[in-house]
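S.K.: Just passing along the structure, written as structure tokens.
The values are calculated or read from the model by the stated rules, or taken from the named source; none is laboratory data. Predicted model only: the values in this text are computed from it and were never measured. All Cβ positions, even for glycine, are placed from backbone atoms using ideal geometry, and neighbour counts span all protein chains on display.
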Amino acid sequence: MKQVVRRAGRGGLAVAAAKIYFIFVGLVQQILLPRVLGASGYGGLSRVFSFTSIAYNSVVSTSIQGTSRAVARSPLVERPYVIRKVLRLHALAALPIGLMTWFVAPTIGHWLNATHLITALRIMGGVFFFYALYSPIVGVLNGQQRFLSQAGLDICFATLRTIALITGAWWFARTSGRGIEGAVWGFVLVAGIVTVLAVAVAGIGKMGSTLLTVRQYVVFILPLLLGQILLNSLLQLDITMLGRFAADAADRAGLAATNADALVASYRATQLFSFLPYQLLLSITFILFPLLAEAHRAGKRTEVALYVKSGIRVALIIAGAIISVTAGIPGALLRLVFTVDIAEPAVRSMGLLTLGFGAFAIFGILTTTLTSLKRERTSAIITGLAVLLVIALAMALVRGQPFGVDLLWRMAIATSAGLALASITASYCVYRATGALINPLCLIRVCTALAVAIGLGRAVSPTGAMPTVACACLVVIVYLALLVILRELGRSDLGQITTILGRQRL
């Protein structure tokens, strides 16, 4: 057990470090792209990436998890043969996936009411092709517990992709006025380069017989793929639907459908900050999953309950610290990163959306808990319910409304309400499965500290880079200080953090 915790902790730290760097590089990307492409071009590119990422992120996550599991469970002598077999299966699927993306792009473009983006959607077929090759290789590294190599590849990819996106957008915008397509070509180029690099780092195994059958592997990854599609739909469907509904509203108003892209750019700006809790808490799932799985297999219900309470509590406190800033000073943060034409329409929506995606961050911890307890079907059903809720609320609140900034606010309401309801449902299911969740007093204390910190940020409302940074620090300090005063944080938490990192047992 101790070895499992220690390995999980080291793996979580490596992935967390790569994730933090990824967020930083993504911030640089979001600062520069709007300045290269303009608000409309940035929004158009966001529409391309938001829709296609539902598919390619699902392929990436499923490939990594499926390959990792196959490699980790194989005997050492058989492992090189398993690696070759699994990589060959993914390689056979890569070209059909890429070609399918190319051929269905026109249909997607018309459905999105964005025919001007069809060429960019077609070029994304190259990204699908290389991702289908790259992601299982990363899974090989994960299954071999080569976490530093995995993190190094992720960092390399994030860096090169940012450079290529910006360079491609700038060059094509300057020479042909097709900056969106230039950015996507840059993405394809880097995906190809990093795929070759990944092969050099991880290898491709050896030919030989193995007990792993194609049927066994496919049966395992198909439910994973479905779950990932649902999860990524939750992350991206709101911006996809907003683009479609805004384009339709522009048509009704006698405007060009491309006017929707500028509204999407503002909404995408809010996502940059709203996703932060979920992105940072991903590392906790890498730590929590093996702990829960091991305790569950051993039938230790007391330990399961303890891990659930500790994991959700830590996640809630960390998410609260981030949300206190993003919901407290949304206008200052947006103006710090984005141009005024993108930032100003998004301020009101971001104040709400950060709360909604804060709930989603906890939702991710809850569904991971269910999965680790072998309740994958329950987790998938709840995620599907969340997708349906967001779709239904968006259609009720956003579709058919007049073109304008109010569409952003309505979409934020629909998304936040759907995510909050889904999180409540997931909480109930986790409690039914484990008999534990979180101390109600903890929830009250965190919400109290969060409300005060947000109120402070709204009252100060800083302008300028240095005042914004100073205010953000002040808001977090006040939030944490209130948790100490309310006796939610104390010296015992240092010991819990040490435990989570694998240095000692609970």
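The rows are residues; the columns are (1) of a type in the set (D, E); (2) in contact (Cβ under 8 Å) with a residue 12 or more places away in the chain; (3) buried (at least 21 other Cβ atoms within 10 Å of the Cβ); (4) assigned to a helix (DSSP H, G or I).
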site: G139; (1), (2), (3), (4): no, yes, yes, yes
site: D154; (1), (2), (3), (4): yes, yes, no, yes
site: G182; (1), (2), (3), (4): no, yes, yes, yes
site: G186; (1), (2), (3), (4): no, yes, yes, yes
site: A198; (1), (2), (3), (4): no, yes, yes, yes
site: F220; (1), (2), (3), (4): no, yes, no, yes
site: A246; (1), (2), (3), (4): no, yes, yes, yes
site: A249; (1), (2), (3), (4): no, yes, yes, yes
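S.K.: Please name all residue pairs, on different chains or six or more residues apart, with Cβ atoms under 6 Å, provided the first residue is in segment 37-51 and is under 14 Å from L272 (Cβ atoms) and the second residue is in a helix (DSSP H, G or I) and of a type in the set (S, T, N, Q).
M.R.: Cβ pairs passing all conditions: S50/Q236; S50/T240.
S.K.: Answer yes if at least one residue in segment 363-376 is in contact with a helix residue (DSSP H, G or I) (Cβ under 8 Å, 6 or more places away or on another chain), of a type outside the set (K, R) and at pLDDT 90 or above, and no otherwise.
M.R.: For segment 363-376, residues in contact with a helix residue (DSSP H, G or I) (Cβ under 8 Å, 6 or more places away or on another chain), of a type outside the set (K, R) and at pLDDT 90 or above: present.
S.K.: So, T448, is that one assigned to a helix (DSSP H, G or I), β-branched (V, I, T) and surrounded by fewer than 18 Cβ atoms within 10 Å (Cβ to Cβ) or not?
M.R.: Criteria met by T448.
S.K.: A follow-up question, please. Checking the condition modelled with pLDDT under 90 and within 30 Å of V264 (Cβ to Cβ), which residue from T62, T119, T107 passes?
M.R.: T62
S.K.: Within segment 384-413, can you find the residues that are outside any loop (DSSP other than H, G, I, E, B) and either buried (at least 23 other Cβ atoms within 10 Å of the Cβ) or among the aromatic types (F, W, Y) (or both)?
M.R.: If the condition is that a residue be outside any loop (DSSP other than H, G, I, E, B) and either buried (at least 23 other Cβ atoms within 10 Å of the Cβ) or among the aromatic types (F, W, Y) (or both), then A386, V390, A394, L407, L408, W409, M411, A412 are the ones that fit.
S.K.: To continue, here is another question. Report whether or not S379 is hydroxyl-bearing (S, T, Y), under 19 Å from the mean Cα position of the chain (by Cα), surrounded by 18 or more Cβ atoms within 10 Å (Cβ to Cβ) and closer than 27 Å to R252 by Cβ.
M.R.: Criteria not met by S379.
S.K.: Sticking with this structure for a sec: Any idea which residue in segment 62-72 is farthest from the chain's Cα centre (by Cα), counting only those that are of a type outside the set (V, I, T) and closer than 16 Å to A198 by Cα?
M.R.: Ranking the candidates gives S68 first.
S.K.: Further, regarding this structure: Can you tell me which residue in segment 414-445 is nearest to V478 (Cα to Cα), limited to those that are of a type in the set (V, I, T) and assigned to a helix (DSSP H, G or I)?
M.R.: Step by step, filter segment 414-445, then rank; the result is I444.
S.K.: Then there is this: Across segment 116-127, which residue is surrounded by the fewest Cβ atoms within 10 Å (Cβ to Cβ) among those that are more than 26 Å from V214 (Cα to Cα), touching a residue at least 40 places away in the same chain (Cβ under 8 Å) and of a type outside the set (G, A, S)?
M.R.: Checked segment 116-127; the qualifying residue surrounded by the fewest Cβ atoms within 10 Å (Cβ to Cβ) is H116.
S.K.: Taking segment 73-108 as the search range and keeping residues that are more than 30 Å from L121 (Cβ to Cβ) and basic (K, R), which one is nearest to the chain's Cα centre (by Cα)?
M.R.: Among those residues, the one meeting the criterion is R73.
S.K.: Still on this structure, please answer the following. Which residue pairs have Cβ atoms under 7 Å apart, sit 6 or more places apart or on different chains, and have a first residue in segment 89-108 that is touching a residue at least 12 places away in the same chain (Cβ under 8 Å) and a second that is basic (K, R)?
M.R.: Short answer, once both residue conditions are applied: W102/R122; A105/R122.
S.K.: Among the residues of segment 74-88, which ones are in contact (Cβ under 8 Å) with a residue 60 or more places away in the chain and in a helix (DSSP H, G or I)?
M.R.: Matches in segment 74-88: R79, P80, Y81, V82, I83, R84, K85, V86, L87.
S.K.: Go through segment 432-456 and give me each residue that's in contact with a Ser or Thr (Cβ under 7 Å, 6 or more places away or on another chain) and either of a type in the set (S, T, N, Q) or modelled with pLDDT under 95 (or both).
M.R.: Correct list: L437 only.
S.K.: So which of G168, G143, G98 is crowded, with 17+ Cβ neighbours inside 10 Å and modelled with pLDDT under 90?
M.R.: Matching residue, one of G168, G143, G98: G143.
S.K.: Also, I was wondering about something else. Take the conditions within 20 Å of Y134 (Cβ to Cβ) and either surrounded by 19 or more Cβ atoms within 10 Å (Cβ to Cβ) or not aliphatic (A, V, I, L, M) (or both) and apply them to R47. Does it pass?
M.R.: no
S.K.: Conditions: (1) assigned to a helix (DSSP H, G or I); (2) touching a residue at least 12 places away in the same chain (Cβ under 8 Å). T463 meets all but one. Number of the miss?
M.R.: Of (1) assigned to a helix (DSSP H, G or I); (2) touching a residue at least 12 places away in the same chain (Cβ under 8 Å), only one is false for T463: (1).
S.K.: Which one is farthest from A436 (Cα to Cα) among residues in segment 299-316 that are without any contact (Cβ under 8 Å) to a residue 60 or more places away in the chain and over 23 Å from the mean Cα position of the chain (by Cα)?
M.R.: Filtering first and then ranking leaves G299.
S.K.: Also, quick follow-up: With respect to R79, determine if the residue is modelled with pLDDT under 80 and within 14 Å of G143 (Cα to Cα).
M.R.: Here the answer is no, as R79 does not meet what is asked.
S.K.: A further question follows. Against the conditions (1) of a type outside the set (A, V, I, L, M, F, W, C); (2) more than 26 Å from the chain's Cα centre (by Cα); (3) buried (at least 18 other Cβ atoms within 10 Å of the Cβ), where does G455 fall short? Just the number, please.
M.R.: G455 satisfies every listed condition except (3).
S.K.: Does segment 382-412 hold any residues that are under 28 Å from L443 (Cβ atoms), in contact (Cβ under 8 Å) with a residue 60 or more places away in the chain and within 20 Å of the chain's Cα centre (by Cα), and which are they?
M.R.: T383, G384, A386, V387, V390, M411, A412
S.K.: Among the residues of segment 466-487, count how many are outside any helix (DSSP H, G or I) and exposed (fewer than 15 other Cβ atoms within 10 Å of the Cβ).
M.R.: 1
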